[in-house]
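Throughout, read-outs are computed from the coordinates displayed, never taken from laboratory work. All figures in this text were calculated on a predicted structure; none of them were measured in a lab. Counting neighbours? That spans all protein chains shown, and the Cβs are built from the backbone with ideal geometry, glycine included.
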Amino acid sequence: MSEHIVHITERSLWEAARARGTYETSTRGRTLAQEGFIHCSTRAQLPGTARRFFADLDDLVVLVIDPDRLDVPVEYETDRPGGEAFPHVYGPIPVAAVVDVEPWT
């Protein structure tokens, strides 16, 4: 059993994904198609991610994702040598892989 990973997003984007059946937003303002993967975090990384990219937004939610329910690779990668590795999901996230949705305040 893999440890859950998390993804912070706007509630409206999650609601649209629920209707579609898959979540495909990589990060704020960027889609999976544009970025090539979906940016995620560990629980410990989440506050920093929220401060860095979402501090000016309201009505955010945290998607709690079970990697064992994904049918695409999850790779822990860094953007520079010696940097912190973040989980990247290389494909759409099925709604069924999201085991919880938490409000972010």
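Annotation for R18 and Q34: the two label points, set 7 Å from Cα along the Cα-Cβ direction, are 2.5 nm apart. Under the classification rounded if a/c is under 1.5, otherwise prolate if a/b is larger than b/c and oblate if not, where does region 1-53 fall, given a ≥ b ≥ c as square roots of the Cα gyration tensor eigenvalues? Since a/c reaches 1.5 and a/b is larger than b/c, the shape of region 1-53 is classed as prolate. Pairs of Cα atoms nearer than 8 Å and 6+ residues apart set the relative contact order; for the chain it is 36 percent. Per-residue ellipticity at 222 nm computed for the chain from its helices equals -6000 deg cm²/dmol, with DSSP H segments shorter than 4 residues left out and the rest contributing -39,500 (n - 2.57). The GluC sites (Glu not before Pro) found in region 46-94 that occupy coil by DSSP, while having at most 16 further C-beta atoms within 10 Å, are E84.
Starting from the Cα of S2, move 7 Å in the Cα-to-Cβ direction to define the label point; list residues of region 26-60 whose amide nitrogen is under 16 Å from there. From region 26-60, the list is 37-43.
When all alpha carbon pairs of the chain are counted in 10 Å bins from zero, the resulting P(r) reads 15, 53, 29, 2 %.
Of interest is the spacing of the C-alpha centroids, which for region 40-73 and region 75-105 amounts to 6 Å.
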